[in-house]
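Here the structure is laid out as structure tokens; the discussion comes afterwards.
The values are calculated or read from the model by the stated rules, or taken from the named source; none is laboratory data. In this text, all values refer to a predicted model and were calculated from it rather than measured experimentally. So basically every Cβ, Gly included, is an ideal-geometry build from the backbone, and we count neighbours across all protein chains shown.
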Amino acid sequence: MSEVLTTPFRRVVVTGVECSGKTTLSKQLAAHLGWAWVPEHARTHNDVLSGNVSESTFDALHESQTDAAAQAQATHPGVICDTGDLVLRLWSEAVLDFSWHPLMPPNPRVDLHILCPVLETWEEDPLRTLPQLEDRLALETKYRAHLKHRPHIVAEGSTPEARLQHVLSQWPW
């Protein structure tokens with residue numbers, strides 16, 4: 001009797017400080033791999049847009065992004081998420097002065113994080129709050145500490161194309 005081999009569904013989260021190229025890299029990677037792409041849900045969430053962020057906002061963002069990743073399982077071999085729970089946790093520490101944690105772990109689980117290092121140039125955006133390079137570098141240190149014992153790749157490179165090629169050269173599957 002022959003066994004049917006199936007490739008496991010993979011969830012990859014692109015993470016990092018604001019204005020670090022997460023959206024660009026996550027879109028490029030999803031297109032290159034033919035995987036689903038989940039955008040950053042905070043960009044369209046009413047609480048975020050109105051400036052009324054609370055603990056329930058973080059719960060809702062976790063749930064909506066996790067649900068979108070789970071829906072991708074039906075049609076794709078994997079999903080690339082533009083941000084995830086680590087962004088929510090560090091953002092909650094900055095905005096609400098407490099460390100948010102999800103009530104339930106993400107399902108599908110996160111198989112790999114990709115850290116986008118800080119870019120020197122900062123593009124203004126209504127949701128961004130860290131125009132100073134020093135502040136973004138300090139926050140990046142926290143991301144690196146959280147990722148230290150998790151499977152991750154640092155997206156090295158000075159251009160979006162170089163970052164994509166670097167990530168692909170380190171790709172574990």
Residue among THR83, THR66, THR121, THR75 that is among the polar types (S, T, N, Q), surrounded by fewer than 16 Cβ atoms within 10 Å (Cβ to Cβ) and within 19 Å of VAL13 (Cα to Cα): THR75
Being of a type in the set (Asp, Glu), under 25 Å from LEU127 (Cα atoms) and surrounded by fewer than 18 Cβ atoms within 10 Å (Cβ to Cβ) narrows it down to one of GLU93, GLU40, so name that one. GLU93
Please go through the range 70-103 and pick out each residue that is more than 11 Å from the chain's Cα centre (by Cα), of a type in the set (Gly, Ala, Ser) and in a loop (DSSP other than H, G, I, E, B). ALA74, SER99
When every residue in the range 143-153 that is within 23 Å of ALA94 (Cα to Cα) and hydrophobic (A, V, I, L, M, F, W, C) is compared, the one farthest from the chain's Cα centre (by Cα) is ALA145
Would the range 22-32 turn up any residue that is under 22 Å from ARG163 (Cβ atoms) and in contact with a Ser or Thr (Cβ under 7 Å, 6 or more places away or on another chain)? yes
What's the total number of residues in the range 9-56 that are out of contact with any His (no Cβ under 6 Å at 6 or more places or on another chain), assigned to a loop (DSSP other than H, G, I, E, B) and either polar (S, T, N, Q) or touching a residue at least 24 places away in the same chain (Cβ under 8 Å) (or both)? 13
Of residues in the range 33-69 being under 26 Å from GLN165 (Cα atoms) and of a type in the set (A, V, I, L, M), the one farthest from the chain's Cα centre (by Cα): LEU33
List pairs: first residue in the range 136-164 and under 13 Å from PRO117 (Cβ atoms) and acidic (Asp, Glu), second residue modelled with pLDDT of 95 or more and assigned to a loop (DSSP other than H, G, I, E, B) anywhere in the structure, Cβ distance under 8 angstrom, at least six positions apart or on different chains. GLU140/GLY16; GLU140/VAL17; GLU140/SER20; GLU140/PRO117; GLU140/VAL118; GLU156/PRO117
If you go through the range 142-160, how many residues are assigned to a helix (DSSP H, G or I) and surrounded by fewer than 11 Cβ atoms within 10 Å (Cβ to Cβ)? 1
Say we look at the range 157-173 and pick out the residues that are among the polar types (S, T, N, Q) and at pLDDT 95 or above; which of these is nearest to GLU120 (Cα to Cα)? THR159
Residue satisfying condition, being at pLDDT below 95, out of contact with any Cys (no Cβ under 7 Å at 6 or more places or on another chain) and of a type outside the set (Asp, Glu), within set VAL154, VAL79, VAL87, VAL95: VAL95
Sort through ASP125, ASP59 and tell me the only one that's assigned to a helix (DSSP H, G or I), touching a residue at least 24 places away in the same chain (Cβ under 8 Å) and among the acidic types (Asp, Glu). ASP59
Just to be sure before I move on: is ASP111 more than 21 Å from VAL13 (Cα to Cα), at pLDDT 95 or above and surrounded by 13 or more Cβ atoms within 10 Å (Cβ to Cβ) in the structure I sent? no
Please verify whether SER64 is touching a His at 6+ places or on another chain (Cβ under 7 Å), small (Gly, Ala, Ser) and closer than 20 Å to LEU127 by Cα, treating the condition exactly as stated. yes
